[in-house]
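The values are calculated or read from the model by the stated rules, or taken from the named source; none is laboratory data. Bear in mind that the values here come from a model prediction, so they are computed numbers and not experimental data. A quick note on method: Cβ atoms are made from the backbone with ideal geometry, for glycine too, and the neighbour counts reach across all protein chains shown.
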Amino acid sequence: MKTDFYLLATYVQELQLLAIQPHLDAIVGKGQWNFDLEDCDKVLRLHCNYCTKEKVIRFLDRNELFDKELHYLESEQYAYIGKVRPLSVYNIPINA
């Protein structure tokens, strides 16, 4: 199945990461998503297929954490990935 890169604007706050991490791991897969909480849009980056993206949107929307899908230029896809801060920066333990 073809995977793509998606950007979602969210309302996720730092303290909510620990609670939603297992859900996103289950929906998308470990290592296939990350957040940039320093961005004003609290951007969630996904590397998944369209159906999985829709599942993530439904999950976030049910929990009042989804804002909108963001659009980007194809050439920007890999530029954004390098600017992501790992969860460890937020002093949140990551399950092994």
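Observations
- Selection from the stretch 1-17 of residues that are at pLDDT below 90 and among the acidic types (Asp, Glu): Asp4
- Candidate set from the stretch 1-23 (those that are out of contact with any Leu (no Cβ under 8 Å at 6 or more places or on another chain) and of a type in the set (A, V, I, L, M)); member that is surrounded by the most Cβ atoms within 10 Å (Cβ to Cβ): Leu18
- Residue within the stretch 49-65 that is out of contact with any Lys or Arg (no Cβ under 7 Å at 6 or more places or on another chain), in contact (Cβ under 8 Å) with a residue 24 or more places away in the chain and aromatic (Phe, Trp, Tyr) present: yes
- Within the stretch 3-56, the residues that satisfy the criterion of being basic (Lys, Arg) and either under 10 Å from the mean Cα position of the chain (by Cα) or within 16 Å of Tyr72 (Cα to Cα) (or both) are Lys42, Arg45, Lys53.
- In the stretch 1-36, the residues that are part of a loop (DSSP other than H, G, I, E, B) and either of a type outside the set (A, V, I, L, M, F, W, C) or touching a Phe, Trp or Tyr at 6+ places or on another chain (Cβ under 7 Å) (or both): Lys2, Thr3, Tyr11, Val12, Gln13, Gly29, Lys30, Gly31, Gln32
- Residue in the stretch 61-74 that is modelled with pLDDT under 65 and either in contact with a Ser or Thr (Cβ under 8 Å, 6 or more places away or on another chain) or part of a helix (DSSP H, G or I) (or both) present: yes
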